[in-house]
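This report concerns only the one structure given below.
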Amino acid sequence: MELEAFVAVAEELHFGRAAERLHRGQPTVSDAVRRLESTLGGRLFHRTSRRVSLTGLGEALLPDAHAALAQLRRFQQRGRSLAAGGGTRTTLVVAHAEYTGHQLLLRCLPQLRDRFPEVTIVPETMPTAAQLTALRAETIGLGIGWATDGVTGVRARVLSTERFMALVPAAHPLAGHAELSASELSTADLLTWPHQINSGLCDRLLSAFRIGGADLRIIRTADSVHAIAAHVAAGTGIGITVESALDHEPPGLRVIPLAGPSTTADQVVLTPAEPSDAAVALRDLLLQASAESPAGS
């Protein structure tokens, strides 16, 4: 419970929303986090009456927490399989980051299941940084995430290059533009993904604004494109997402691509240094499906 509470609060940055996600009371979640902090000997979160943010310790430990939870779920799946008499079955944990093109994965998993009927496939939502940790620890077999610097001990292949997209209210003065530059968004209140969920995307977006000589003013983060769209529709600001995260234009909003240097990001498929046969097969299926899809979705 302690690890689940830590991860939920880290991703939601709100104890109430984390409690709803875990179907627990908020005091239960708060107590679990405090127990974990006591065990570790340091604080995981900065808490004020208005906001919750990760401490340096929390930021450093979040990928390990994700990897540990993936290992626990793998253990549980393996235990259920053995208890049911499926001792010869193996498990392939497939992790995917938020904002990646899930349609590719949905197309390829049935084909993988047909080729490897003896393999139990376990999909997991996991940030890219946590995927890298889990792949090195061999607690997951394949990941789909976003390109980031300094990757070692993991193989990465580019699935698609995605454009950053702005979600703009239809009545906004910028709604009529065919493209938007970083400088045109310099004074806008922006909503996008949390850094701890997709640090590679955040760093890439920050680079686009720095190159454009613009200020990046992120006033709110959300861990799904649907949540961002809802805030934009409510008039909170302009949303930033990636092309593959959108399967339609939200009602009342315009989706406008960003133009200029560093306004694209590479979606990658990640495998361990020595992947399993099933992981290699899935990687190849994903690469083939992406090549056949003009939008890479």
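Does VAL7 satisfy the criteria of being touching a helix residue (DSSP H, G or I) at 6+ places or on another chain (Cβ under 6 Å) and either modelled with pLDDT under 90 or not aliphatic (A, V, I, L, M) (or both)? Yes.
What single numbered condition from (1) under 20 Å from ALA222 (Cα atoms); (2) over 18 Å from the mean Cα position of the chain (by Cα); (3) surrounded by 14 or more Cβ atoms within 10 Å (Cβ to Cβ) fails to hold for HIS23? Only one criterion is unmet by HIS23, namely (3). Taking the criterion of being part of a loop (DSSP other than H, G, I, E, B) and at pLDDT 90 or above, the residues of region 140-178 that qualify are ILE140, GLY141, ALA170, ALA171, HIS172, PRO173, LEU174, ALA175, GLY176, HIS177, ALA178. When the residues of region 219-236 are filtered to those that are aliphatic (A, V, I, L, M) and over 18 Å from the mean Cα position of the chain (by Cα), the one that is nearest to THR187 (Cα to Cα) is ILE219.
For region 276-297, the count of residues that are part of a loop (DSSP other than H, G, I, E, B), in contact with a helix residue (DSSP H, G or I) (Cβ under 8 Å, 6 or more places away or on another chain) and over 21 Å from GLU162 (Cα atoms) is zero. For region 255-271, the set of residues classified as outside any loop (DSSP other than H, G, I, E, B) and not hydroxyl-bearing (Ser, Thr, Tyr) consists of VAL255, ILE256, PRO257, LEU258, ALA265, ASP266, GLN267, VAL268, VAL269, LEU270, listed by residue number.
Among residues of region 237-266 being without any contact (Cβ under 8 Å) to a residue 60 or more places away in the chain and out of contact with any strand residue (DSSP E or B) (no Cβ under 6 Å at 6 or more places or on another chain), the one that is nearest to SER293 (Cα to Cα) is HIS248.
Scanning region 110-132 for residues that are of a type in the set (Val, Ile, Thr) and either crowded, with 22+ Cβ neighbours inside 10 Å or in contact with a His (Cβ under 7 Å, 6 or more places away or on another chain) (or both) yields a total of 2.
Return the residue satisfying two criteria in turn: it lies in region 168-182 and is of a type in the set (A, V, I, L, M) and in contact (Cβ under 8 Å) with a residue 60 or more places away in the chain, and of such residues it is surrounded by the most Cβ atoms within 10 Å (Cβ to Cβ). The qualifying residue surrounded by the most Cβ atoms within 10 Å (Cβ to Cβ) is ALA182. Note on region 198-217: residues that are assigned to a helix (DSSP H, G or I) and either closer than 16 Å to MET165 by Cβ or of a type outside the set (S, T, N, Q) (or both) amount to 11. The C-beta contact set for region 101-115 (first residue polar (S, T, N, Q), second residue surrounded by 13 or more Cβ atoms within 10 Å (Cβ to Cβ), distance under 6 angstrom, 6+ apart or interchain) comprises GLN103/SER297; GLN111/LEU285.
The values are calculated or read from the model by the stated rules, or taken from the named source; none is laboratory data. The structure presented is a predicted model; accordingly, all values stated were derived computationally and were not measured. Cβ coordinates were reconstructed from backbone atoms using ideal geometry, including for glycine residues, and neighbour counts include every protein chain displayed.
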